[in-house]
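Asker: Can you keep this structure in mind? I'll have questions shortly.
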Amino acid sequence: MKMGLRRAGAFLREREGRHSEELKLAPSGFGLAMVPTRITPDGTVTATCGYCSVGCGLKIHLRQGEAINLSPARDYPVNLGMACPKGWESLTPLKARDRAVAPLLREGSGALRRVSWDQAMRALVTRFKGIQERHGKAAVAFLSTGQIVTEEMAFLGALAKFGMGILHGDGNTRQCMATTVVAYKESLGFDAPPLAYKDLEESDVIFLWGSNLCTAHPILWERVVMNRHKPTVVVVDPRKTETASAASVHVALRPKSDLYLLYGIANVLIRNDWIDHAFIAERSVGFEAFREHVLQYSPEWVSEHTGVPVKDIRALASIIHRGKRVSFWWTMGVNQGHQAVRTAQGIIDLALMTGNIGRPGTGPNSITGQCNAMGSRLFSNTTNLLGGHDFARQEHRHKVARVLGIDEGRIPRDPGLAYDQVLDEVRAGRIKGLWIIGTNPVHSWIDRGGIEELRRKLEFLVVQDMYAGTDTARIADLVLPAAGWGEKEGTFINSERRISTCKKVARAPGEALADFSIFRLVAEYWGVADLFQKWSSPESVFQLLKELSKGQPCDLSGIQDYAMLDEKGGIQWPFPEGEENAEKERRLFEDHRFFHEDGRARFFFEEPRPVPEPTSGDYPLVLMTGRGSSSQWHTQTRTNKSAVLRKLYPDDVYVEMNPDDAAARGVEDGATVTIWSRRGKIQARALITSSMQPGHVFIPMHYEETNELTCPAFDPLSRQPAYKMSAVQVQRST
Ligand SMILES: Nc1nc2c(c(=O)[nH]1)N[C@H]1C(S)=C(S)[C@@H](COP(=O)(O)OP(=O)(O)OC[C@H]3O[C@@H](n4cnc5c(=O)[nH]c(N)nc54)[C@H](O)[C@@H]3O)O[C@H]1N2
Ligand SMILES: Nc1nc2c(c(=O)[nH]1)N[C@H]1C(S)=C(S)[C@@H](COP(=O)(O)OP(=O)(O)OC[C@H]3O[C@@H](n4cnc5c(=O)[nH]c(N)nc54)[C@H](O)[C@@H]3O)O[C@H]1N2
Ligand code: SF4
Ligand SMILES: [Mo]
């Protein structure tokens, strides 16, 4: 460790020397050099938006290398000159007053005190190493994010698992995309969303399943609007959302009855022989068993479970049959459930049995959530070994060790525990050190009361965030101030597998550092900098990621460098060496060859299981949670910094409820109500609306109260939390 510290001192001095020019400019003396890379003649750079997974291109207008304004990029293939309110307001949260500007360490007195980076790093290393020495390597874990650049995710994953001996690390993508990952891997052989956004313009039938596209992916909805084929848009959602209101057909099924509906539709398709026999016979495995299974799901029986009329179930099958190019898009209404993987696979089954895959306007298409959820799925070294590899496969460990130039013995043989299991280990007293990066679980984790309780069990909690005032940073022992989007370089991967760049167009405040630089410092102080000599800058890491991806379905090796990504407006994977046409849209499976060894896709199915927390006399209402408006982002650490965005949504928590439920409780619109579940009790303002079915209520996830109510249930295969259904009661507050 001594060695590590000495080197670290040298590293800091070297940094200061290297950036002396810029240090004179930066008031704090710490921000990294401005690198106004690849500025176009009009004085702008295009950077990918740092909020949602649509990945819009934002044209940043610069003065002396620093951002002064932005506008949506017109020549960018994703958004074609459009952006939602969050995108327009991207620069505002950088200037917020509660930015974390220096490391903070909790003193004996309990207060957080400003310390130097050297003190912060010594504390991190001493405390985490001490815990590992006393309780074993597995006693320290990390929880990360889908909102930092791929190069940083890969660095964290490699540093933690190959350098620090950490066995368990997971990301907030578990809350979001884990279901899709398992579903695609099992069904198609790799975590490979087949879509190109253009498919939204080319379908004649579009199913949006458990997706509120207008609110959560507004620019993808614009792409639907651009569709010239007068598509039939079907929205499957218990709520009449903005998206459902704009659709041709709204299927208001009962919460978590999707599996029945999917099998009911499959039943009608099979009984009418509306299926693609050639595709099924030549390109898939397991259809016979699937057929046997769904033949039990008569429309009448399915109607009883879903509340969807028999004639509507038949009509949905008929819509699919009549469609020439049918695409199915799903998000959290599917992924966040107690049987989510099988539900996602039910959607994939429908696409496979009708041959709606590998052609324009088709596909079983999962839309990702965060700006870099796809980067996290492939390169965070959590569920997958770097580059979409498998920890359990010797040849994969060997390849990764060779590319990184490290000893193969450093690579664990399994991916480690999932998010909820990490927290269970904390509860059991076996994990005592936790490093949280770019996520705010005290607000966002299911049943947040549970997680606050865990704080007492931890000996040392490190939180690395842009803001010192987040719910999670406030309970940390050590806060590491991070630069945010716009203050650093790297790449994101969006929902259509497009890799594109982020730009450094602003200085991080005070002593805040890019996550990348923080990971470099940790490597130095931990004494493992030797392992990361090749990891000198985001772009050098990008070169490593290219090498790691070679031969994988997500091969990026044909992309030369960041400049090429900029020139082409991002590039979709796969783009192997030798591939020439970067502009071509890359829809997967055009040759109907899937990533399983035999090249065939698989059918999966399962008996629907009862919901984990059914309603009852004491808790008669179903609580659903999700996105509230296009101007709010998650736990609001960023979006609530913009006065413009704040005007576009209610400040305080509200609950949407049906007029009948409100009347039965004597609740008037705007009244304060008390809502309670088996876990907690909150107050909210009632918003009475017929967009809710009787018996259902909805609370947006953006308010810190919401997860006091949610029921900690998980899909057993993906371990994704089932945020979409808990049992509650509502009463007028007295
Ligand atoms: N403005 C904004 N945009 C965002 C985000 C944000 O915070 N704010 N977050 C991003 C992220 S990380 C994600 S993951 C995506 C999420 O994007 P979405 O998944 O579209 O958003 P949600 O509101 O979580 O859930 C979608 C819908 O699922 C419905 N639903 C609930 N239960 C069920 C059910 O049992 N069956 C079906 N079929 N539907 C059900 C809900 O009523 C809701 O309308 O959004 C991304 N975009
Ligand atoms: N009830 C309910 N709960 C939910 C959901 C739901 O539908 N219902 N949805 C779930 C889903 S899909 C998701 S994705 C999660 C999201 O949950 P979180 O990940 O907790 O939400 P964010 O607010 O995006 O948290 C990101 C944190 O990273 C910080 N940050 C931003 N940029 C950077 C950076 O570059 N570096 C560092 N170090 N920090 C940065 C932000 O300030 C913020 O504190 O919530 C989940 N929780
Ligand atoms: S749709 Fe998503 S990527 Fe596009 S501007 Fe809005 S938040 Fe950013
Ligand atoms: Mo998400």
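The values are calculated or read from the model by the stated rules, or taken from the named source; none is laboratory data. Everything quoted here is computed from the prediction, not taken from an experiment. Positions of Cβ are generated from backbone atoms using ideal geometry, with glycine treated the same way; all protein chains shown enter the neighbour counts. Just the protein is used for accessible areas: all its heavy atoms, side chains included, with ligands, DNA and RNA removed. Shrake-Rupley method; radii C 1.70, N 1.55, O 1.52, S 1.80 Å.
Asker: Could you list, ordered by first residue, the pairs with Cβ atoms under 6 Å in which the first is in region 200-213 and over 11 Å from Ser248 (Cβ atoms) and the second is part of a strand (DSSP E or B) and of a type in the set (Gly, Ala, Ser), at least 6 apart or interchain?
Answerer: Once the first residue is over 11 Å from Ser248 (Cβ atoms) and sits in region 200-213, its partners that are part of a strand (DSSP E or B) and of a type in the set (Gly, Ala, Ser) give Ser203/Ser327.
Asker: Going through region 362-406 one residue at a time, which ones are more than 15 Å from ligand 1 (Cβ to nearest atom) and closer than 22 Å to Ile219 by Cα?
Answerer: Scanning region 362-406 gives Thr362, Gly363.
Asker: Another question, if that's okay. Which number in (1) in a loop (DSSP other than H, G, I, E, B); (2) closer than 30 Å to Leu124 by Cβ marks the one condition that Gly558 misses?
Answerer: (2)
Asker: Are any residues in region 570-585 open to solvent by less than 10 Å² (accessible area, probe 1.4 Å) and not β-branched (Val, Ile, Thr), and if so, which ones? Step through it out loud before you land on a result.
Answerer: Step one: of region 570-585, the residues open to solvent by less than 10 Å² (accessible area, probe 1.4 Å) are 570-573, 575, 582.
Answer for region 570-585, where residues must be open to solvent by less than 10 Å² (accessible area, probe 1.4 Å) and not β-branched (Val, Ile, Thr): Gly570, Gln572, Trp573, Phe575, Ala582.
Asker: I'd like to check something: does region 568-591 contain any residue that is under 30 Å from Glu708 (Cβ atoms) and touching a Phe, Trp or Tyr at 6+ places or on another chain (Cβ under 7 Å)?
Answerer: Looking through region 568-591, none of the residues is under 30 Å from Glu708 (Cβ atoms) and touching a Phe, Trp or Tyr at 6+ places or on another chain (Cβ under 7 Å).
Asker: Being assigned by TED's automatic domain parsing to the domain that holds Gln339 and either assigned to a helix (DSSP H, G or I) or among the aromatic types (Phe, Trp, Tyr) (or both) narrows it down to one of Leu253, Leu269, so name that one.
Answerer: When all the criteria are applied, what remains is Leu269.
Asker: Now a separate question. Mind counting the residues in region 219-236 that are under 23 Å from the mean Cα position of the chain (by Cα) and open to solvent by less than 30 Å² (accessible area, probe 1.4 Å)? Lay out the reasoning, then the answer.
Answerer: Within region 219-236, the first condition is being under 23 Å from the mean Cα position of the chain (by Cα), and the residues that meet it are 219-224, 235-236.
With the extra rule that they be open to solvent by less than 30 Å² (accessible area, probe 1.4 Å), the set shrinks to 219-220, 223-224, 235-236.
Residues that pass the stated criteria total 6.
Asker: Same structure again: What's the number of the only condition in (1) more than 16 Å from ligand 1 (Cβ to nearest atom); (2) part of a helix (DSSP H, G or I) that Thr343 fails to meet?
Answerer: Only one criterion in (1) more than 16 Å from ligand 1 (Cβ to nearest atom); (2) part of a helix (DSSP H, G or I) is unmet by Thr343, namely (1).
Asker: Of all residues in region 82-107 being part of a loop (DSSP other than H, G, I, E, B) and open to solvent by 30 Å² or more (accessible area, probe 1.4 Å), which is farthest from ligand 4 (Cβ to nearest atom)? Before the answer, list the steps.
Answerer: Let us first name the residues in region 82-107 that are part of a loop (DSSP other than H, G, I, E, B), namely 82-84, 89-91, 96-98, 100-103, 107.
Among the residues that remain, those that are also open to solvent by 30 Å² or more (accessible area, probe 1.4 Å) are: 82, 89, 97-98, 101, 107.
Working: Met82: 22, Glu89: 20, Arg97: 27, Asp98: 24, Val101: 28, Glu107: 36 Å.
Looking at the filtered set, the residue picked out is Glu107.
Asker: Further question: Of the residues Leu143, Leu112, which single one is open to solvent by less than 40 Å² (accessible area, probe 1.4 Å) and more than 16 Å from ligand 3 (Cβ to nearest atom)?
Answerer: Leu143
Asker: Among the residues of region 311-321, are any closer than 27 Å to Gly599 by Cα and in contact with a strand residue (DSSP E or B) (Cβ under 8 Å, 6 or more places away or on another chain)?
Answerer: So far as region 311-321 goes, yes, one or more of its residues are closer than 27 Å to Gly599 by Cα and in contact with a strand residue (DSSP E or B) (Cβ under 8 Å, 6 or more places away or on another chain).
Asker: Taking Arg239, is it more than 16 Å from ligand 4 (Cβ to nearest atom), open to solvent by 50 Å² or more (accessible area, probe 1.4 Å), part of a loop (DSSP other than H, G, I, E, B) and in contact (Cβ under 8 Å) with a residue 40 or more places away in the chain?
Answerer: Numbers: more than 16 Å from ligand 4 (Cβ to nearest atom): yes; open to solvent by 50 Å² or more (accessible area, probe 1.4 Å): no; part of a loop (DSSP other than H, G, I, E, B): yes; in contact (Cβ under 8 Å) with a residue 40 or more places away in the chain: yes.
For Arg239, the condition - more than 16 Å from ligand 4 (Cβ to nearest atom), open to solvent by 50 Å² or more (accessible area, probe 1.4 Å), part of a loop (DSSP other than H, G, I, E, B) and in contact (Cβ under 8 Å) with a residue 40 or more places away in the chain - is not met.
Asker: Sort through Arg665, Arg638 and tell me the only one that's more than 13 Å from ligand 2 (Cβ to nearest atom) and either among the charged types (D, E, K, R) or touching a Lys or Arg at 6+ places or on another chain (Cβ under 6 Å) (or both).
Answerer: So the residue among Arg665, Arg638 that is more than 13 Å from ligand 2 (Cβ to nearest atom) and either among the charged types (D, E, K, R) or touching a Lys or Arg at 6+ places or on another chain (Cβ under 6 Å) (or both) is Arg665.
Asker: When you check Glu133 against the structure, is it of a type outside the set (Val, Ile, Thr), open to solvent by 10 Å² or more (accessible area, probe 1.4 Å) and assigned to a helix (DSSP H, G or I), yes or no? Before the answer, list the steps.
Answerer: Values: of a type outside the set (Val, Ile, Thr): yes; open to solvent by 10 Å² or more (accessible area, probe 1.4 Å): yes; assigned to a helix (DSSP H, G or I): yes.
Yes.
Asker: Mind telling me which of the residues Asp204, Asp191 ends up being among the acidic types (Asp, Glu), out of contact with any helix residue (DSSP H, G or I) (no Cβ under 7 Å at 6 or more places or on another chain) and either crowded, with 23+ Cβ neighbours inside 10 Å or more than 25 Å from Leu648 (Cβ to Cβ) (or both)? If you could, list the steps in order and put the result at the bottom.
Answerer: Values: Asp191 fails: out of contact with any helix residue (DSSP H, G or I) (no Cβ under 7 Å at 6 or more places or on another chain).
After ruling out the rest, the residue left standing is Asp204.
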